[in-house]
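The values are calculated or read from the model by the stated rules, or taken from the named source; none is laboratory data. Since the structure is predicted, the reported quantities are computational estimates derived from the model, not experimental observations. So basically every Cβ, Gly included, is an ideal-geometry build from the backbone, and we count neighbours across all protein chains shown.
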Amino acid sequence: MQAQHGTTSADRQQVDGFPPGESAQTLRGYYRQMSLVRAFELRASEMYQRAKVGGYCHLNLGEEATVVGLMAALAPRDYLFTSYRDHGYALARGLEAGPVMAELFGKSTGVSSGRGGSMHLFDTGRRMLGGYGIVGGQIPPATGAALALTYRGGPGPEAEAVMCLLGDGATNIGAFHESLNLAALWRLPIVYVIVNNGMGMGTPVDKASAEPDLYKRGCSYRMAGERVDGDDVLAVRDAARAALDRARTERRPGLLEAVSYRLRGHSVVDPARYRSKEETERLRTLDPVPAFRLRLLETGILDEDEARRIDEQAEEVVDAAVAFADGSPDPHPGQLFEHAYATPVPNAPYQLPGDPVVAS
Amino acid sequence: MTEISYRQALHDTLRSELLRDESVFLIGEEIGVFEGSYKITAGLLTEFGPTRVRDTPICEEGFVGAAVGAAMLGMRPVVEIMTINFSLLAIDQIVNHGAKMHAMFGGQVSVPMVIRTPGGGGQQLAATHSQNLEVWYAHVPGMKVVAPATPADAKALLTAAIRDDDPVLVLENLALYNTKGEVPDGELVGEIGRAAVVKPGTDLTVIAYSRATVIALDVARQLEADGVSVEVVDLRSLRPLDRETICASVRKTSRAVVLEDDWLSYGVGAEIAATVQEGAFDYLDAPVRRVAAAEVPLPYAKPLELAALPDAADLVKVIGEVLDATRFAR
């Protein structure tokens, strides 16, 4: 499913209960994406518990409005770097659900050919330049991608830009600060988005960051910072779009903080016992997916049948994704060294365990 | 052929690659206005301007990671890390990112980045500025690591590194920058992954790389006068390692000594020794010996520094011991 980029004039009839300029079709599209991300993540969790998915598996549950809003702001020509919590972004960026699920399953048809898994989704064509498993590891390369763009052409409304997503926990690492400094110093076309879901694994933001207003952390670099309600898909989209525009046209990097709540543990295996029952209940009431659904129902953009159909279609897409992944071949051990080097090199060590290192 | 210094060879190669390919740019601390801590980039800012020769703040993780990202989009950044000691600030970006991306993302992206950095002690720079950490990178799949010993190899291997689509660490050496040698004029592209027999011999093989190769050649010439024929294998490439050339030499000479500037335990020599015992076991007349740095944080005081670093006398002594052990008649 491709994110919708901008609206045409035909779309721009007034929709009651929403800001001017929102078309019903666009809003329904956002809900369709949020519903898909929700369905995909719940199924990923189930597949993990059924041991179809290995390793770590971090879900976007509770962050769907942020996911869809950010991807709606991003143009196809822009580049995206994300943290390891990347499934929803990949889907909303337009990667097919089947190859994404196949990557989680470790299949050769996966978006990274089964080499990366859940944390390392990648698609050159969609300019999704990776989920990254090391906290904040994507921040310097994303900054470098923005640097590369400055060699391609000048600023302007049609210029390319980079969006770099990171979690709240990543704002405490050195690479975050080094990268923001470089981006500001060199005026790079990049927007850093802190997806603040309230918790770095089990540590709340105010126990990890001496400045818990994370959007202010760019001030040392004179970088504009803004906080937005991450449960509001339109607010997220508009703030991201404005920041991307500044990056494109003025080469001013930006820092955006989208605040939402992680509805589950850090990863599938984390029961989140550090949260009280009351807190868990409270977070459920903030769940952005039913909230947006209700808003669309109340404003008459969807009726109950249409909403149900969208949810069913999401399930169907996910069913098909699981079937695709399940039916896909495993990578063959003979392919182990296939991507060892981009430029072939003599004497590359392609021994399997126990193989002799020198031909006798 | 022109006789130039190792420093000049590096400089000239950077210049010709900047001229040849617009996607090449240099990035690092003090490489522009200051012209490089070791003056490798002297004059290049003036000639190519601040976007092709990009000064950075002091932030190794930031600018090495930025080079990784720029390389992902098709640029060919040549990073200067002032010394290999400071690469530890950037190791996450080198090892966890640059070296992983091509394989981990299923071959969809490559990282044509070069890291130039000098190692080596002997300059009284004390423990934190005198290390030989190349084996840390040579250990990592996805990396390529080359270690030129001569000005000609500096040109050949740096050119190859810049034109390669994988991350390549080019190990330079503080003590080599002023050394001189004949360098072929015109284009010279070396081959990563190949060692070379730089002096043929029949009695014993010394395997070395970078500064140690220069010492090994001196020792070999010196011993020639005593009637001992030493073959010198210059590794040139630490990853991939050309095990075949090493073993072929030792099968011929039956004796092997490794000379290396890094620490002994788990060092390059350990890998060579393991390779030789596996690939030339039946040919060996004596155990493989290693001449490596003493395992201490390198002290500042000159007598202590000299004691810790391997030198020609250490190599001569060990060669003598290996020959004596096999009743070699001189």
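Here are the numbers for the structure shown:
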| read-out | value |
| --- | --- |
| Qualifying position, being under 30 Å from B:ALA274 (Cβ atoms) and of a type outside the set (Ser, Thr, Tyr), among A:GLU316, A:GLU338 | A:GLU338 |
| Every residue from region A:225-254 that is in contact with a Phe, Trp or Tyr (Cβ under 9 Å, 6 or more places away or on another chain), part of a strand (DSSP E or B) and within 19 Å of A:PHE18 (Cα to Cα) | A:VAL228 |
| Leading residue by the ranking (nearest to B:LEU204 (Cα to Cα)) among those in region B:277-309 that are in contact with a Gly (Cβ under 8 Å, 6 or more places away or on another chain) and of a type in the set (Gly, Ala, Ser) | B:ALA292 |
| Residues located in region A:99-111, provided they are within 10 Å of chain B (Cβ to nearest Cβ) and crowded, with 24+ Cβ neighbours inside 10 Å | A:GLU103, A:GLY110, A:VAL111 |
| Options A:GLU315, A:GLU279, A:GLU257; residue that is outside any helix (DSSP H, G or I) and on the phi < 0 side of the Ramachandran plot | A:GLU257 |
| Subset of region B:307-320 (residues that are touching a strand residue (DSSP E or B) at 6+ places or on another chain (Cβ under 7 Å) and of a type in the set (Asp, Glu)) | B:ASP314 |
| Selection within region B:1-38 - of a type in the set (Asp, Glu), part of a loop (DSSP other than H, G, I, E, B) and in contact (Cβ under 8 Å) with a residue 24 or more places away in the chain | B:ASP21, B:GLU29, B:GLU30 |
| B:ALA90 vs. criteria part of a helix (DSSP H, G or I), over 22 Å from B:ALA147 (Cα atoms) and of a type in the set (Gly, Ala, Ser) | no |
| The one condition in (1) at pLDDT 95 or above; (2) away from chain B (no Cβ under 14 Å) that A:LYS207 fails to fulfil | (1) |
| Extreme residue, surrounded by the fewest Cβ atoms within 10 Å (Cβ to Cβ), among residues of region B:209-260 that are hydroxyl-bearing (Ser, Thr, Tyr), more than 14 Å from chain A (Cβ to nearest Cβ) and under 22 Å from B:ILE192 (Cβ atoms) | B:THR213 |
| Region B:176-202 residues that are away from chain A (no Cβ under 14 Å) and surrounded by 16 or more Cβ atoms within 10 Å (Cβ to Cβ), paired with ones that are assigned to a loop (DSSP other than H, G, I, E, B) and of a type outside the set (S, T, N, Q) (beta carbon under 6 Å, 6 or more apart) | B:TYR177/B:TYR38 |
| Considering residues of region B:157-192 that are in a strand (DSSP E or B) and among the aliphatic types (A, V, I, L, M) only, the residue farthest from B:PHE105 (Cα to Cα) | B:VAL183 |
| Subset tally (residues that are out of contact with any Ser or Thr (no Cβ under 9 Å at 6 or more places or on another chain) and hydrophobic (A, V, I, L, M, F, W, C)) for region B:239-250 | 1 |
| Residues of region B:282-305 that turn out to be in contact with a Lys or Arg (Cβ under 9 Å, 6 or more places away or on another chain) and either part of a loop (DSSP other than H, G, I, E, B) or assigned by TED's automatic domain parsing to the domain that holds B:HIS129 (or both), as a count | 4 |
| Residue match in region A:1-23 (condition: touching a helix residue (DSSP H, G or I) at 6+ places or on another chain (Cβ under 8 Å) and modelled with pLDDT of 95 or more) | no |
| Scan of region A:112-130 for residues that are more than 8 Å from chain B (Cβ to nearest Cβ) and either in contact with a Lys or Arg (Cβ under 8 Å, 6 or more places away or on another chain) or in a helix (DSSP H, G or I) (or both), ordered by number | A:ARG126, A:ARG127, A:MET128 |
| Unmet requirement for A:ALA148, which otherwise passes all of (1) within 23 Å of B:MET72 (Cα to Cα); (2) buried (at least 24 other Cβ atoms within 10 Å of the Cβ); (3) more than 10 Å from chain B (Cβ to nearest Cβ) | (3) |
| Of residues in region A:197-224 being within 20 Å of the chain's Cα centre (by Cα) and in a loop (DSSP other than H, G, I, E, B), the one surrounded by the most Cβ atoms within 10 Å (Cβ to Cβ) | A:ASN197 |
| Sole residue being in the same structural domain as B:GLU17 (by TED's automatic domain parsing), farther than 17 Å from B:ARG239 by Cβ, surrounded by fewer than 24 Cβ atoms within 10 Å (Cβ to Cβ) and among the hydrophobic types (A, V, I, L, M, F, W, C), chosen from B:MET104, B:MET82 | B:MET82 |
| Residue match in region B:81-97 (condition: within 20 Å of B:SER23 (Cβ to Cβ) and either more than 8 Å from every other protein chain (Cβ to nearest Cβ) or basic (Lys, Arg) (or both)) | no |
| Failed condition for B:GLY65, given (1) among the small types (Gly, Ala, Ser); (2) over 15 Å from A:LEU180 (Cα atoms); (3) crowded, with 22+ Cβ neighbours inside 10 Å; (4) at the interface with chain A (Cβ under 9 Å from one of its Cβ atoms) | (2) |
| Yes/no for B:MET113 being closer than 18 Å to B:ILE27 by Cβ and away from every other protein chain (no Cβ under 14 Å) | no |
| Qualifying residue in region A:275-284 (condition: in contact with a Phe, Trp or Tyr (Cβ under 9 Å, 6 or more places away or on another chain), surrounded by 12 or more Cβ atoms within 10 Å (Cβ to Cβ) and farther than 30 Å from A:ASP213 by Cβ) | no |
| Residue match in region B:23-30 (condition: charged (D, E, K, R), surrounded by 23 or more Cβ atoms within 10 Å (Cβ to Cβ), within 26 Å of B:PRO297 (Cβ to Cβ) and more than 14 Å from chain A (Cβ to nearest Cβ)) | no |
| Selection count, region B:261-287, where residues are closer than 23 Å to B:ALA149 by Cα, more than 10 Å from chain A (Cβ to nearest Cβ) and hydrophobic (A, V, I, L, M, F, W, C) | 6 |
